[in-house]
Structure formats: C-alpha cells, structure tokens
Ligand code: UFG
C-alpha cells in the first residue's frame with residue numbers, strides 16, 4: 001500500500017486517478033481548492049484537504065502529517081484562450097504553484113513527482129504522430145507554462161534528486177466506466193461534453209470550429225484518450241520512476257475528426273447532435289496525434305478503452321446520469 005498526495009484530485013483527470021489509487025488500496029490525500037474541482041468527485045476513502053497551492057505553510061503541514069511515497073500534480077489553470085488573455089496569471093500560478101509544491105516535496109523527503117503536462121508543448125507540429133523528441137514550441141502561454149514546469153523539474157532532479165514523470169496529455173475524454181466520475185468543467189470548452197450536452201439539450205447547439213482544414217473531412221483531428229487509460233498510465237509511470245525521470249506523450253496514436261466525434265455521439269447516445277459550422281478557432285492545429293510507442297515499450301501500457309466508441313459510450317452514460325454534472329455550481 002502506498003501513500004500519495006494528489007493535487008487537483010477533485011478535478012476531471014485527477015479524480016479518475018484517485019479512484020484508481022483507492023481501488024488498489026492506496027492511501028490518498030487530495031489537495032484541491034475546489035475552484036474547478038468537485039467534492040463529490042473525491043471518493044469517501046480519500047482525504048480531501050481544501051487548500052490553495054499558493055499557501056506554502058499549509059503545504060508544509062500537509063507533507064508533515066503524512067509520509068507520502070509520491071506526489072501527483074494535476075492542479076493547474078488549463079484554458080488555452082484564457083492563457084492568451086492573461087499570460088502573467090498562467091505563468092505565476094502554474095509555474096509558481098508547481099515549483100512551490102516540488103520544493104515542499106523535496107523538503108519533506110518525497111522524491112517522486114508526476115506532472116500533468118500537455119500536448120500544447122508541441123504547438124503546431126512539423127511531424128505527426130508527435131514523438132517525445134519532437135520540437136518543443138508551445139503556441140500559447142498555457143503550453144509554455146507547462147514547459148517551464150517541466151524544465152523546473154529537470155533542475156529539481158539535477159540539484160535535489162527529485163525524480164519526475166511529465167505526462168503530455170493529448171485529448172482526455174470519457175468517464176469512469178463504473179460511473180463514479182465524469183467531466184464537468186465551468187466553463188466547458190471540450191468537444192465531447194459539449195457535443196453530448198447539445199444532443200441532450202442541456203447545452204446549446206455545437207459550433208464546429210472550421211471545416212476547411214487539410215484533413216479528409218475538413219475538420220480537426222485529435223487523439224482522444226480515455227481518462228481511465230490516462231489514470232492507468234500514471235500508475236505505470238510511478239513504477240518506471242524507479243529508473244529515473246521520464247517524459248511521455250500520452251495518446252492512443254489514433255486520431256478522430258470533429259465530424260467523427262459528432263457522428264459517434266449521435267449514434268451511441270441515440271440523439272443527433274445539433275450543430276453548425278463556424279470559423280476556425282485561433283491556434284487550433286489541424287492534426288494532433290501522439291506517438292505512443294515509447295510509453296507502450298517502457299511501461300507496458302496499452303489503452304483498454306482505445307476506440308472513440310469506448311470514450312463516447314462512457315461519457316454518454318455519465319452525462320445521462322448527471323445531466324447537470326456534479327450539480328454543485330451556484
Ligand atoms: N471544437 C469545436 N467546437 C467546440 C469545441 C471544440 O469544433 O465547441 C473542436 C476544436 O476546434 C478541436 C476539437 O474540437 O479541433 C477538440 O477541441 P477541445 O477544445 O476539446 O480540445 P483541444 O484539442 O483544443 O485541447 C486539448 C486540451 C488542452 C490542450 C490542447 C493541446 O484540452 O488542454 O489539447 O493543443 F492544451
């Protein structure tokens with residue numbers, strides 16, 4: 001049994017990892033300020049500490065109270081558009097909080113750190129699928145803030161021996177196959193929940209951002225990875241950390257277009273997705289697909305919910321059961 005600190009563990013991806021840890025009998029402390037997270041997303045077996053990562057004193061107290069084996073760091077600002085309106089906030093918060101957390105971990109003797117990073121590190125890639133060695137060229141402040149954190153963690157390894165795994169998520173989607181957690185952001189900007197909400201009538205009709213991309217059907221292609229498979233990858237890289245710091249791209253290696261997502265939601269959910277076509281969204285690359293060979297080879301990971309249908313089926317089930325999400329927005 002391990003003991004783990006999970007920041008942002010009440011959020012979308014974080015809560016799925018917390019369930020996976022609790023399921024295998026680990027002790028988990030979730031640190032979340034509940035600005036985006038949901039109390040109801042945290043399983044009863046985990047301890048929830050409602051606190052801000054900017055509070056260094058509180059952080060030190062949390063570390064002093066437990067002997068953690070590792071830290072999983074999910075908590076971050078993560079909206080690309082917002083990051084381009086307020087770059088300073090993204091750098092101050094994402095970089096500052098992450099380094100404060102890494103510093104508190106080192107001071108408490110915790111030398112294992114897993115970071116939620118992002119495909120946004122690669123900007124508009126020159127080559128697809130995107131391998132770990134691809135050029136790092138973030139096209140927005142959100143992506144660059146994560147790159148700065150990855151670099152900070154490199155230094156923490158060289159200076160203090162803090163071993164880190166940085167996991168560059170592609171498009172996290174889907175919901176807990178057991179129905180215990182799902183996707184509920186405010187504001188919601190992600191395609192799958194917006195399409196499902198449009199079909200259910202809980203959200204407005206979907207606007208497709210551009211159908212003139214150089215792709216087979218003209219809409220953008222993304223690598224949608226099931227959130228339970230993401231959680232599984234975290235457990236595997238934790239073992240891999242014994243051999244030293246590592247960086248992985250986390251996707252399935254297969255891409256689907258916006259039109260394919262709309263079709264799958266309509267077919268699986270049993271209701272068509274009302275949608276129209278609008279202009280391109282600034283900064284959207286035509287195709288983002290991960291090269292997943294390194295992760296598979298080095299950790300034995302393989303997606304268990306590897307098709308778009310698996311993702312849409314679990315997401316539809318959760319949204320059908322929770323049409324208002326967790327129902328805790330004022
Ligand atoms: N899309 C629409 N209409 C919408 C919302 C999205 O057409 O209302 C399209 C987007 O243009 C894109 C695709 O659906 O082609 C997926 O969009 P998402 O917003 O769901 O996801 P992104 O690929 O834009 O973003 C993801 C992560 C970000 C990360 C980024 C890296 O959610 O955190 O990949 O480029 F920064």
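Brief remarks follow.
- A crude spin-label estimate for the pair residue 178 and residue 200, with each label 7 Å from Cα along the Cβ direction, gives 2.1 nm.
- Taking region 1-143 and dividing mean pair separation by its residue count, relative contact order in percent (alpha carbons under 8 Å, at least six apart): 23 percent
- Choice from 125, 43, 216 showing the highest fluctuation, given a GNM over the chain with Cα pairs closer than 10 Å: 216
- Normalised by the number of residues in the chain, the average gap of Cα pairs under 8 Å and 6 or more apart makes the relative contact order 18 percent.
- Folded to 0 to 90 degrees: helix 141-160 orientation relative to the chain principal axis, Cα: 30 degrees
- Separation of alpha-carbon centers, region 237-297 and region 134-165, rounded to whole Å: 22 Å
- Spin-label proximity, residue 66 to region 163-188 - amide N less than 19 Å from point 7 Å beyond Cα toward beta carbon: 163-165
- With each label modelled as a point 7 angstrom along the Cα→C-beta vector, the residue 1-residue 88 pair spans 4.8 nm.
- The C-alpha atoms of the chain define a longest principal axis, and helix 96-107 lies at about 40 degrees to it.
- Peptides 317-324, 100-107 ranked from most to least packed, by the mean per-residue count of other Cβ atoms within 10 Å: 100-107, 317-324.
- Seen against the Cα atoms of the chain and their longest principal axis, helix 258-269 is set at about 90 degrees.
- With 0.36 nm allotted per residue and the present C-alpha distance subtracted, the residue 23-residue 296 stretch has 96.0 nm of extension available.
- Distance in nm between pseudo-label sites at residue 99 and residue 324 (7 Å out along the Cβ direction from Cα): 4.3 nm
- Candidates 262, 311, 225: whichever shows maximal mean-square fluctuation once the chain is modelled as a Gaussian network with Cα springs under 10 Å: 262
- DSSP-defined beta bridges in the chain - what % are antiparallel, rounded to 5: 5 percent
- For peptides 134-144, 15-25, sequence by mean Cβ density within 10 Å, most packed first: 15-25, 134-144
- Cα convex hull of the chain - mean projected area over all directions, nm²: 15.5 nm²
Read-outs throughout are calculated quantities, based only on the coordinates presented, and are distinct from any laboratory measurement. None of these values were measured; they are calculated from a predicted model. Glycine also receives a Cβ, built like all others from the backbone with ideal geometry; neighbour counts cover every protein chain displayed.
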